[in-house]
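Worksheet: the structure to be examined is printed underneath.
The values are calculated or read from the model by the stated rules, or taken from the named source; none is laboratory data. Since the model is a prediction, treat every value here as computed from it, not as a measurement. These area figures cover heavy atoms from the full protein model, side chains too; ligands, DNA and RNA do not enter into them. Shrake-Rupley method; radii C 1.70, N 1.55, O 1.52, S 1.80 Å.
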Amino acid sequence: MDEELTALGFTKVVYNADTGKTVLLLRNWTVTGIDNPGVEQSIDKTVVVHVTK
């Protein structure tokens, strides 16, 4: 997910873990959703990606 968002030009990506833990290694987590999917937004806005272990 991180590579795809970076390739699209997004630089502000926040990973929100359902456990409340800090996401250190994204490869250890599974993406469960993203805020406002399918909505066009400026690349300077923060993208919130929801993850679970």
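Eigenvalues of the Cα gyration tensor times 5, then square-rooted: what semi-axes does that give for the chain, in whole angstrom, largest first? Present the calculation step by step, with values, prior to reporting the outcome.
Numbers: eigenvalues 75, 27, 17 Å².
Its equivalent ellipsoid spans semi-axes of 19, 12, 9 Å.
Tell me, what is the per residue accessible area of the chain in Å², probe radius 1.4 Å?
Numbers: 3990 Å² over 53 residues.
For the chain, the solvent-accessible area averages 75 Å² per residue.
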Which lysines does K53 reach when only Cα atoms under 25 Å apart count, and residues fewer than 8 places away in its own chain are ignored? K12, K21
